[in-house]
Amino acid sequence: MRILVTGTEGYLGALLAPELMADGHEVVGLDTGYYKAGWLYNTNSSTPHTLACDLREVTPDDLRGYDAVVHMAELSNDPIGSLIGDVTYDVNHLGSVHLARCAKSAGVKRFVYMSSCSVYGIAEGTVDEDSPINPLTAYAKCKALVERDLTAMADDDFSPTFLRNATAFGASPRMRFDIVLNNLCGLAWTEHRIAMTSDGTPVRPLVHALDIAQAIRCALRADRERVHALVVNVGSDQANYTVREIAETVAREFPGCDLTFGEPSADERSYRVAFGKIREVFGDFAAAWDVAAGAQQLHRIFDNIAMEPETFYGRGHTRLKQIEYLLKTGQVDDQLFWKA
Ligand SMILES: NC(=O)c1ccc[n+]([C@@H]2O[C@H](COP(=O)([O-])OP(=O)(O)OC[C@H]3O[C@@H](n4cnc5c(N)ncnc54)[C@H](O)[C@@H]3O)[C@@H](O)[C@H]2O)c1
C-alpha cells in the first residue's frame with residue numbers, strides 16, 4: 001500500500017513508520033516538526049521521507065495517489081489545551097476534518113484516526129465502544145468531534161476507522177516523558193524517588209506504543225468493509241491498572257526507588273475500559289506488552305544512554321514545555337504556525 005502517515009516525527013509516529021516500511025508499504029510522512037529537538041536514542045530503523053507541512057494547510061494535491069492515511073498529527077496532551085485554548089480545536093478538530101476532506105476528495109479510500117480512550121472521561125464501571133462518551137478536556141472533546149464528523153463522511157468511497165487508544169507507554173526515539181509510565185520510570189531513574197500526590201486509586205488503561213502500531217497495521221490489513229466507520233478500543237483487559245499498581249511496578253523495576261502516596265483526590269479521571277472488541281474484529285491482534293515489560297525496556301534504554309537529568313526534565317521530551325518554548329521565543333505565532 002502507499003500510505004501517508006501524519007505525525008511521523010512524534011512519539012508514536014516515529015515507531016509506526018519504520019514498522020509499516022518493514023511490512024513493505026511505501027510510506028510518506030507529514031509533520032510540522034514541533035518536537036524535533038527531542039531524540040532520545042538511535043536505532044538502525046529507516047525513517048520515511050517526510051513533508052514538512054502543517055496539517056491545516058494540506059491540499060488535496062498533497063494526498064493524491066495514496067491508498068490510506070494514518071492520522072496521528074495533533075496536539076497530543078491535555079495541558080497544551082489549557083495553554084493555547086482554541087488552537088487545540090483549530091488543529092485537532094478542524095485540522096483533522098480538513099485533512100480527511102482533502103483525503104476524500106483526493107480519492108484516498110481509508111483513513112485511520114488516532115482517537116483516545118479519554119473520550120470516556122470519568123465513568124462508572126467498565127466502558128466499551130457502545131457506552132456514552134463523556135469527554136472532559138479540549139483534547140478529548142476534539143477526539144469526539146472528529147469521530148462524529150468523519151463518521152458523517154463515511155461512504156462507498158471513504159472508510160474512516162477510529163482507534164480509541166489507551167494511554168501509551170514504552171520507548172520511542174521521539175520519547176515522551178509526559179505520559180504516566182514513562183514519567184514514573186524517568187523519575188525513578190533520575191530521583192530514585194516517586195512521591196505520588198494522590199492515593200493512586202484512579203484506574204488508567206495503558207497500552208505499549210508498539211501495540212498501538214500493531215493495531216494500526218491490523219486495521220490496514222483488514223478488509224475495508226470490516227473497518228468501515230469502525231470504532232474500537234486499543235489495549236487489553238489486563239491493562240486497566242490503578243496508578244498505584246503502575247507506580248509499584250516501576251518501583252520494583254528500579255531498585256532503591258522510594259515510593260510514597262498522597263491523599264485521595266475527588267476529581268481525578270478514572271475509567272476502566274473493555275478491550276474485547278479489538279480481538280473480535282482483528283483476529284490477528286494481541287497486546288504483547290505489559291507495564292512490567294515496558295518499565296524494563298525503559299530501564300535498559302536509560303542505562304544504555306546513561307540518561308542525564310536534563311534529558312528527562314528538558315523540553316525535548318515534554319510536549320507542553322516545548323510548545324511553551326516555541327511560543328516564548330517567538331518561533332511560532334499564537335496559532336502555532338512557524339514564523340518565517
Ligand atoms: N501517546 C498517547 O498516549 C496517545 C494515546 C491516545 C491517542 N494518542 C493520539 O495519537 C496521536 C500521536 O500521539 P503521540 O503521542 O505520538 O503525539 P506526539 O505529540 O508525540 O506527536 C504528534 C506529532 O504531530 C505533529 N503535529 C502536531 N500538530 C501538527 C500540525 N498542525 N501539523 C502537522 N503536524 C503536527 C507534531 O509535530 C508531532 O510530531 C495523537 O493524535 C494523539 O492524540 C496518543
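Numbers below:
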quantity: Mean Cβ count within 10 Å, highest first, over the residues of peptides 167-175, 36-44; calculated: 167-175, 36-44
quantity: Positive dipole terminus of the chain, leading residue within A239, S115, F275 (C-beta point charges); calculated: S115
quantity: Eligible aspartates and glutamates near K339 by straight Cα distance, threshold 13 Å, same-chain separation 8 or greater; calculated: D54
quantity: Cubic angstrom per residue, convex hull over Cα atoms of region 122-225; calculated: 147 Å³
quantity: Normalised per residue, the volume of the convex hull around the Cα set of the chain (Å³); calculated: 127 Å³
quantity: Two-decimal Rg/Rh across region 228-315, once Rg and the Kirkwood Rh are taken from alpha-carbon atoms; calculated: 1.05
quantity: Links that overshoot a 30 Å alpha carbon limit, given the list K36/K141; K104/K321; K109/K328; calculated: K104/K321; K109/K328
quantity: Long-range tail of P(r) for region 40-90 (Cα pairs > 17 Å, %); calculated: 57 percent
quantity: Cα gyration tensor shape for region 1-74, rounded if a/c is under 1.5, else prolate or oblate; calculated: oblate
quantity: Helix 291-305 axis, angle to the chain major axis (alpha carbon atoms, nearest 10°); calculated: 80 degrees
quantity: Relative contact order [Cα under 8 Å, 6+ residues apart], the chain, whole percent; calculated: 19 percent
quantity: Dimensions in Å of region 141-180 - Rg and Dmax from alpha carbons; calculated: 14.6, 41
quantity: Cβ charges +1 (Lys, Arg) and -1 (Asp, Glu), total dipole of the chain, debye; calculated: 380 debye
quantity: Using alpha-carbon coordinates, inclination of helix 96-105 to the longest axis of the chain, degrees; calculated: 30 degrees
quantity: Nearest-20 debye value, region 204-340 charge dipole, Cβ charges on Lys, Arg, Asp, Glu; calculated: 460 debye
quantity: Radius of gyration and Dmax over the Cα atoms of region 85-181, both given in Å; calculated: 14.7, 42
quantity: Cα shape, region 208-272, gyration tensor, a/c 1.5 rule; calculated: oblate
quantity: Helical mean residue ellipticity (222 nm; -39500 (n - 2.57) per DSSP H run of 4+; nearest 500) of the chain; calculated: -10500 deg cm²/dmol
quantity: Calculated over region 145-204: convex hull of Cα atoms, volume per residue (Å³); calculated: 132 Å³
quantity: Residue (of V180, L326, F162) at the positive-pole extreme of the chain, dipole from beta-carbon charges; calculated: L326
quantity: Cα gyration tensor, region 56-136 - rounded (a/c under 1.5), prolate or oblate; calculated: oblate
quantity: 5 Å-binned pair-distance histogram of region 1-134 (Cα, whole percent); calculated: 2, 10, 18, 20, 18, 15, 11, 5, 1, 0
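Read-outs throughout are calculated quantities, based only on the coordinates presented, and are distinct from any laboratory measurement. A quick note: this is a predicted structure, and the numbers were derived from the prediction, not measured. Here Cβ is always computed from backbone atoms with ideal geometry, including for glycine, and neighbour counts include all displayed protein chains.
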